[in-house]
Every structure is written in C-alpha cells, then in structure tokens.
Amino acid sequence: QFQLAVPVAVVFAAGSVPGDLPEPLPFRDVQEMEISVNLRTSITSRYEMVYRRTTAEEEAALDAATAREADAALRPLQDASLGSLTMYVVPETSSLLPQGISVYVGKHRSALVRAGGGLAALRTRLRQLTQVMSFTASSIAAALSDRVPDSQLSPDARRHLKSSLGYEITFSLLNPDPKSHAVDWDIEDAVNRYVQPVLDKLSLVANFSVDSQILYYAVLGVTPRFDKESSSFLLSAHSLPHVINPVEARLGSSAASLYPVLNFLLYVPERSHSPLYIQDKDGAPVSTNAFHSPRWGGIMVYNVEAPASPQASLPLHVDVDMVRVMEVFLAQLRLLFGLSREELPSDFLLESPGNEGLADWELDRLLWTHAVENIATVSTTLTSLAQLLDKIGNIVIKDDVASEVYRAVASAQSAVAELAAGHLHSAFQASKEAVTSSERAFFDPSLLHLLYFPDDQKFAIYIPLFLPMAVPILLSLAKIVREARQRKKEATKMD
C-alpha cells in the first residue's frame with residue numbers, strides 16, 4: 001500500500017488566468033487517483049499542484065519565436081529535480097503553439113498548454129498531460145505484471161524488460177555467405193555516435209555494457225518462401241518466432257551473463273536467398289525489414305544489391321549504412337524499455353528527444369515504473385526467503401545474512417516513504433539498494449536448502465546405517481539385564 005506523489009507547478013502567463021479560479025494566486029491543490037492492482041495491493045497517485053503566475057524571466061522566455069526555443073529558454077528557470085513537472089499555460093491567442101495544437105510537450109520536464117474553456121477544461125487537460133509525462137495505470141500494471149491478472153494487462157505489458165541493476169547489449173552481424181559477401185560495418189563509431197548518448201541518459205537506471213561480434217555461416221534456420229511476382233524471398237510473420245532459437249544457439253552471449261542480454265542482429269541474406277523481405281500478419285512488407293522479440297532484442301534483414309554484371313568477382317564488398325541500421329535498433333531499444341509513445345490526442349505535439357534518444361520526462365517515467373517494480377521484487381524475494389526459513393526449522397542464519405535482510409527492509413520502507421514525498425531520485429536509489437540487499441540474502445550460499453534435511457529424511461538416511469550396529473548392541477544389553485536379574489534372584493535364594 002503506497003503512494004506516488006508527483007509535484008506539478010502550473011504557471012499562468014500574462015493573459016491566460018481563468019476567471020473561475022477558486023482562490024487568488026498562488027494556491028495549492030491536490031488531486032488523487034486510485035490505481036487498483038489486486039486485492040492486496042493498491043497504489044494512490046497524488047498530483048500536488050501549485051498554481052502561480054510567471055516570473056519576469058519566465059515571461060521573457062515565453063516571448064520566444066517557437067515552442068522549441070521557449071522550452072530551451074525555460075529549462076534553467078524550472079525545478080530540475082527528477083519526477084517534477086512544470087506546465088506553462090499560455091494565452092489562447094499565443095503564436096507559440098502551432099495552429100490546431102493545444103499542448104506542446106518539450107524534451108525536458110515542462111509543457112506548454114493553451115488556455116481556454118475555464119478551469120474545469122484546463123484541469124482535465126492537465127490530468128491527461130501529467131499522466132503522459134509521469135505514469136499511467138497501465139504503466140504501473142505493467143511494472144507489477146507478476147501480481148496483476150492477465151485480463152487487466154495491455155497486450156504490450158510483457159514486452160518490456162524486467163527491472164535489473166545492469167544490462168548487456170550485444171550487436172551481432174550475421175554473414176551466412178562470406179564467399180559471396182565481404183560485409184564491413186563500423187559498429188564502434190556507430191555505437192559512440194548513436195547508442196552511447198542514449199546509454200549515458202539511461203545510466204541512472206542501470207549499468208550497461210556493449211559488445212559486438214561477427215558470425216559467419218550463421219543461418220536463420222527458416223527457409224524463406226520465393227515469391228514469383230516480386231522475384232524476392234519472403235519471411236512471413238508466423239515463421240519469425242522460429243528464427244530466434246537457431247540463431248541464439250550461435251550467439252553465446254547470455255550463457256555467462258549475470259544480467260539480461262539485449263541482442264540486436266543484423267542479418268545479410270545469403271546470395272541464394274536475396275533479396276529477403278519480412279511480411280507482417282496482413283502479408284504487407286515491413287518498411288524497416290526488421291522485427292523485435294519481447295525481452296530479447298531485434299533482428300534486421302539487410303539486403304545487398306545484386307551486382308550489375310553476372311561476371312562480377314566474388315566476394316562482393318558491402319559497406320553497411322549504419323545510420324539506417326541504428327535508427328531501427330534504437331527504436332527497438334526504446335520498445336524494450338517501455339518508452340514507446342502512447343496514443344495521444346490529435347492536439348498534442350511531442351518534441352523529438354534528439355540525439356539523446358529519450359526526453360527527461362521519459363527517463364522519469366522509466367524511473368517511476370522501475371522504482372515500483374523494485375519494491376514489489378523486494379517484497380516477493382523476502383517473502384520467499386521467510387517461507388523457506390519457516391519450512392526448515394534447524395537452518396542457521398548468519399549475522400551478515402540477517403543484516404542484509406534488515407537493510408533490504410529498511411531500504412524498501414525508505415523507498416516507499418520517498419515516493420510518497422515525491423522524491424523520485426532518492427526513492428529509486430533506495431529501491432535499488434533494497435533489491436541488492438534482498439538478492440544477497442536470498443542467494444547466500446549458507447542458506448541453500450540442500451544443506452539442511454527434514455527429520456524424516458534424517459531417519460531415512462541414518463536408520464540403514466545404525467540399525468545393523470544397533471541390533472547386536474540391543475541384544476547384548478538385553479542379555480546383560482537378564483543375567484543381572486538372574487544373579488539377583490540367586491542371591492535372594494541363598495539369603
């Protein structure tokens with residue numbers, strides 16, 4: 001039972017203050033919403049709204065020519081703490097927002113909202129906007145997917161990666177026909193230019209390691225169908241799941257990994273199966289010629305143009321267009337982390353995050369869900385540990401294991417308290433510490449249940465060993481007792 005508090009500042013520019021405000025500015029207002037998870041878990045979201053007027057600096061920033069320039073100018077003037085939001089209400093006649101656009105969401109932690117329709121209409125729009133920029137009932141349900149009935153989950157809920165302290169990203173180039181194609185890809189430069197800025201932004205969420213490999217003679221394991229009309233080969237949607245297992249056996253990256261592995265595969269089809277295209281469920285070609293697998297990664301098919309003359313010498317030299325490839329892989333990375341843009345009203349305009357790959361508020365959205373998921377994970381881990389200890393009465397719990405359990409409980413309670421106070425950064429850090437401590441306690445080698453045996457197993461093990469020795473000992477004891485009684489009787493008769 002915990003609360004998620006979101007601090008929201010609603011700032012009215014000159015000429016945008018509604019006439020039906022309940023009290024003069026500035027004032028505070030709290031809006032609560034119950035998120036039902038299951039019978040034992042309920043989450044209350046609290047939007048702590050502070051209504052005020054713009055300062056002189058903010059008013060000057062709002063005089064910019066475009067919404068993008070205003071967003072950049074407003075960034076130093078607003079609360080930069082994680083999880084906090086600032087909504088600037090501009091006059092209905094403002095030229096900052098394009099025609100037909102009522103809400104502009106920047107790439108930091110602020111948005112521009114066009115005034116109009118009174119306070120009730122503004123509150124409805126603000127509620128919708130705060131859920132877009134923080135969390136929704138569906139995103140919290142996805143974070144608690146292990147506790148939520150399947151009927152309440154959205155179809156994409158199980159697509160996202162589970163929260164982890166680290167992730168390993170592997171880029172693999174699959175060249176099944178090296179005799180025909182000499183493929184060259186500058187993966188190091190592409191990772192530094194396109195992937196690293198995204199990982200730098202995500203470094204607050206987890207640790208990342210990136211590696212790459214080239215695999216020769218690695219085939220998909222599914223024979224594509226030849227289409228006479230297009231003179232090409234096709235992979236249908238229903239055959240795509242069968243592609244992954246044969247390929248994964250060659251990757252070898254997840255065998256020795258402590259953390260979840262994200263696989264991004266670039267497949268250059270062999271010459272006998274070129275060109276190769278992927279079809280969706282409706283039979284239409286997929287524009288990116290790629291597909292992704294939930295919680296695993298993605299595969300992109302990269303077709304090579306046929307040589308102009310049949311007598312061209314083999315192997316053909318192929319330079320991979322890394323910009324096109326990385327666009328697809330970064331889009332798949334966003335999907336795996338649950339950063340896909342939800343369906344929004346037509347009057348909402350979202351600014352592109354640029355080279356960083358995700359906006360500041362999208363990072364906050366990820367932290368909200370991961371903090372909730374971490375707390376749920378700690379609860380499940382400690383409950384499982386307690387049940388194990390209840391089953392084995394003679395188990396020995398060392399002091400260091402006990403201290404990890406106490407630390408996990410204290411960190412989880414601290415995370416819950418920080419979430420209720422609206423301190424997202426400290427709440428997430430506390431939830432990570434709680435996960436670390438609970439995992440250390442649960443996987444401590446001294447708590448292996450195989451080291452301890454129930455009483456019935458002890459009897460089953462030791463009786464076959466001691467019974468053969470016990471029989472002659474017991475018979476000898478019985479004989480000694482009988483002889484002692486016999487001597488006692490003879491002594492009595494003599495007396």
Under 1.5 on a/c is rounded, so check that first for segment 153-244, then, if it is not, pick prolate when a/b is larger than b/c and oblate when it is not; a ≥ b ≥ c are the square roots of the alpha carbon gyration tensor eigenvalues.
oblate
Based on Cβ point charges of +1 for Lys and Arg and -1 for Asp and Glu, what charge dipole magnitude is obtained for segment 161-337 about its Cα centre, in debye rounded to the nearest 20?
480 debye
Using only the alpha carbons, work out the radius of gyration and Dmax of the chain in angstrom.
32.5, 131
Among the trypsin sites (Lys or Arg not before Pro) in segment 1-82, which ones are in a DSSP loop with at most 15 other Cβ atoms within 10 Å of the Cβ? Mind listing them?
ARG40
To the nearest 20 debye, the chain has a Cα-centred charge dipole, built from +1 on Lys and Arg Cβ and -1 on Asp and Glu Cβ, of 2480 debye
Residues whose placed amide H lies under 5 Å from that of LEU350, excluding near-sequence neighbours
VAL105
Folded to 0 to 90 degrees: helix 360-391 orientation relative to the chain principal axis, Cα:
10 degrees
Can you give the extra length, in nm with one decimal, that the chain gains between LYS398 and SER212 once fully stretched, where that is 0.36 nm per residue apart less the Cα-Cα distance?
62.7 nm
Within segment 352-387, find all residues whose amide N lies under 18 Å from a label point positioned 7 Å from the Cα of ALA331 along Cα-to-beta-carbon.
352-359
Can you give the calculated 222 nm mean residue ellipticity of the chain, where each DSSP H run of n ≥ 4 adds -39,500 (n - 2.57) and the sum is split over every residue, rounded to the nearest 500 deg cm²/dmol?
-12500 deg cm²/dmol
Which of the lysines could be linked to LYS107 by a straight reach, that is with a Cα gap under 21 Å, when you skip same-chain ones fewer than 8 residues away?
LYS201
Spin-label pair ASP189/ARG341, simplified geometry with 7 Å Cα→Cβ offset, distance in nm:
3.0 nm
Just order 5-14, 102-111 by mean Cβ neighbour count inside 10 Å, highest at the front, would you?
102-111, 5-14
Helix 424-442 axis, angle to the chain major axis (alpha carbon atoms, nearest 10°):
20 degrees
Rounded, prolate or oblate (a/c below 1.5 giving rounded, otherwise prolate when a/b exceeds b/c) for segment 161-337 by Cα gyration tensor
prolate
Test item: Cα-centred dipole of segment 454-494, Lys/Arg +1 and Asp/Glu -1 on Cβ, debye
500 debye
Order 87-93, 424-430, 178-184 from most to least packed using the mean count of other Cβ atoms within 10 Å.
424-430, 87-93, 178-184
Run the reach check for LYS162 against aspartates and glutamates, Cα to Cα strictly under 16 Å, same-chain hits fewer than 8 apart removed. What comes back?
ASP146, GLU373, GLU439
Global form of segment 355-495, assessed from the alpha-carbon gyration tensor, a/c cut-off 1.5
prolate
Using 13 Å as the cut-off for backbone N distance, which residues of segment 331-350 belong to the label zone defined by a point 7 Å from the Cα of GLN196 along Cα→Cβ?
none
Between VAL323 and GLN413, the two model label points (7 Å from Cα along the beta-carbon direction) sit apart by a distance in nm of 5.7 nm
Using a Förster distance of 41 Å, the FRET efficiency for LEU465-ASP146 (Cβ separation, nearest 0.05)
0.40
Pick out, from PHE337, HIS238, THR492, the residue whose Cα sits farthest towards the positive end of the charge dipole of the chain, with +1 on the Cβ of Lys and Arg and -1 on the Cβ of Asp and Glu.
THR492
Any lysines with Cα under 25 Å of the LYS398 Cα? List them, leaving off those in the same chain fewer than 8 positions away.
LYS432, LYS458
Rank LEU316, ASN175, GLY297 by how far each Cα sits towards the positive end of the charge dipole of segment 161-337 (+1 on Lys, Arg Cβ; -1 on Asp, Glu Cβ) and give me just the farthest.
GLY297
Relative contact order computed over segment 11-58 (Cα-Cα under 8 Å; 6+ residues apart), in percent:
46 percent
Using the Cα centre of segment 41-158 as origin and beta-carbon charges of +1 (Lys, Arg) and -1 (Asp, Glu), tell me which of ALA115, LEU96, ALA61 is placed farthest towards the positive end of the dipole.
ALA115
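The numbers here are math on the coordinates, done by the rules we state, and not lab data. Just so you know, these numbers come straight off a predicted model, no measurement behind them. As a convention, Cβ positions derive from the backbone with ideal geometry for all residues, glycine included, and neighbour counts pool all protein chains shown.
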